[in-house]
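The values are calculated or read from the model by the stated rules, or taken from the named source; none is laboratory data. Just so it is clear, the structure is predicted and the values come from calculations on it, not from any experiment. FYI the Cβ positions are ideal-geometry reconstructions off the backbone, even for glycines, and counts take in every protein chain you see.
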Amino acid sequence: MTMKHLWRSLVLSLAVAAAGSAGAQSAHERFEEAVKTAVAPLADGAVTGMKVLYLGAEHTPWLDSGFPVKAGDRVTVLLQGRVWLSRHYDISLEAPLQLWRRIGENGAISRGLDATDTFTAAENGTVQLKNLPTRWLDARGRYQGEAQPASPDTGGGVSVALIRWAPDADVAATLAALALHPAAPDWAAPALARLQSPPVAPDGWQYLWELGPAEIFREVRASDDDGGPKRRMHAHTRNDVAILQKPAEVALTQDTELKWSWRVDQLPGKQAENSVITHDYISIAVEFDNGQDLTYLWSSALPVGETFRCPLPGWKDRETHVVARSGNTDLGRWLNESRNVLQDYAKAVGGPPPQRIVRVWLIANSVFGRGEGRAQFGDIRIGAGGTDLAVW
C-alpha cells in the first residue's frame, strides 16, 4: 500500500467512524474503535499485531493479555482511564501510574510515564498487565495487597492498546508521518515525542523501581547568585510521584549528621500531610540497612519537630516522617539544614538502631490532591567528626 493510499484509507475510516453513534458507546468502546481505525492502514507491513483490553479497578491478579512478543520486539502501549481511590475526596490515579506490565511470569515489571509509551521486549512471552498493588515485593511482580470489597466510592479502570511493530519498521518515521496528517489520532505526536525522549534519571541517581520512572528531578546550575549552591537538583511535581535515590554508604554513629540546602518555592499540598488523602509533600530522606527510612519534609501545616509514620498502607511499616520546616514564611529562600540522624531515629522510630545509612532519597509527591510543587536541593552531605561524604 502506498503512503497516498494509506492516508486515503485512514481518512475514509475515520469519517465512517465519526458517522456512527458515539453516544451509545462506552468510553472503552470508543477508545478501541479509534485505535483500530487509526492502526488499520498501518497493518500492511509496519504493524504485525494489535490487541485492545480493559482492566477494571477490581481486578487484582496479573492478567495475561495473550499478546505474544519476542525479545527485541518494539511495542507501543496506549492508555486511557483512571482508577478511583475515592470519588468523595476526588482522589484517583491516572492510567500511567495505575497500570504495570511485564513479559511472562518472570519478566521485570515496568510502567510507562505517559499515556503513550513504546518499549522493547527483553524476553519472549506474553504481555501481562496489573493494577498497582498496595506494595510491590520484588521487581518481578510479587506484590502485597488483596481485592477490597466493592464500594461506590471507588472503581474505574484502564483501557489498554498494545501495538507490535514489525522488526524492520521505522517506528519513529511512521509515527512522525501519522502525527503530521490532518486526520492523525491524538496519540501519534505524544508517542513520537516519548519515543524520542525516554525518561532518564539524573547522572548518578536512579528512580525507585517500586514507583517507576519520572521526569520530576533534573540537575541545574545556578545562573545567578541567589544565596544557594551552584549545583542543584530541581524538583517539579504536578499530579505525579517519584523517589530519586543515590547510594551513600555511611556508618551511623552518635555524631552522624545529614546536611543539605534547599529552597522550596511551592508546596504540593495545602493540608497536614499525615493522612492518606493529603499525603502530598517534598522531602529528603535517608535509607538504613534495616529497611527503614527517615524522611525530612517541609510541611504545609504540621509543626516543626512533629513525627509520624507514613499513612500509606504499603509504607507505614518502613517509613517515618520528620517535619523539618513548616508553613509558607520561608518559601522561596535558600535554607541550610543539619540533622543528627541517630537522635532523630531514636525519637521517631525507636527500637534497636540500624548500623548504616545506605542511600539518600529525594521525594516529591502530588498525586492525591493533584497539585503542584517546586523545590531545589543542593550541598547534600552525610558525615561525622568533620568528615563528610558529598552526596550532591
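Some observations on this one:
- Filter pass, residue 333 being under 20 Å from residue 361 (Cβ atoms) and among the basic types (Lys, Arg): no
- Test: residue in the range 146-162 that is farther than 18 Å from residue 53 by Cβ and buried (at least 18 other Cβ atoms within 10 Å of the Cβ): yes
- Residue 115 among the aliphatic types (A, V, I, L, M), more than 19 Å from the chain's Cα centre (by Cα) and not assigned by TED's automatic domain parsing to the domain that holds residue 370: no
- Take the conditions (1) in a helix (DSSP H, G or I); (2) in contact (Cβ under 8 Å) with a residue 40 or more places away in the chain; residue 179 misses just one of them, which is (2).
- Count of residues meeting criterion [assigned to a loop (DSSP other than H, G, I, E, B) and hydroxyl-bearing (Ser, Thr, Tyr)] in the range 145-176: 2
- Residues in the range 340-372 that are farther than 19 Å from residue 290 by Cα and either surrounded by fewer than 19 Cβ atoms within 10 Å (Cβ to Cβ) or touching a Lys or Arg at 6+ places or on another chain (Cβ under 8 Å) (or both): 5 in all.
- Highlighted here are the strands (runs of 3 or more DSSP E) found entirely within the range 221-283 that include at least 2 residues which are touching a Gly at 6+ places or on another chain (Cβ under 7 Å) and among the polar types (S, T, N, Q): 257-266.
- When restricted to residues that are small (Gly, Ala, Ser) and either touching a Ser or Thr at 6+ places or on another chain (Cβ under 8 Å) or free of Cβ contacts under 8 Å to residues at least 24 places away in the same chain (or both), the range 96-131 contains 1.
- Residue that is surrounded by the fewest Cβ atoms within 10 Å (Cβ to Cβ), among those in the range 192-206 that are outside any loop (DSSP other than H, G, I, E, B) and touching a strand residue (DSSP E or B) at 6+ places or on another chain (Cβ under 6 Å): 206
- Restricting the range 251-295 to residues that are aromatic (Phe, Trp, Tyr) and crowded, with 22+ Cβ neighbours inside 10 Å, the residue that is farthest from the chain's Cα centre (by Cα): 260
- Subset of the range 114-144 (residues that are surrounded by 14 or more Cβ atoms within 10 Å (Cβ to Cβ), among the β-branched types (Val, Ile, Thr) and part of a strand (DSSP E or B)): 116, 118, 126, 127
- Every pair of residues 6+ apart whose Cβ atoms lie under 6 Å, when the first sits in the range 62-82 and is more than 14 Å from residue 101 (Cα to Cα) while the second is basic (Lys, Arg): 73/164
- Residue check, residue 34 modelled with pLDDT under 95, surrounded by 19 or more Cβ atoms within 10 Å (Cβ to Cβ) and in contact with a Gly (Cβ under 8 Å, 6 or more places away or on another chain): no
- Boolean, residue 341 is closer than 21 Å to residue 244 by Cα and among the aliphatic types (A, V, I, L, M): yes
- Some residue of the range 216-234 being more than 23 Å from residue 92 (Cα to Cα), among the β-branched types (Val, Ile, Thr) and touching a strand residue (DSSP E or B) at 6+ places or on another chain (Cβ under 8 Å): yes
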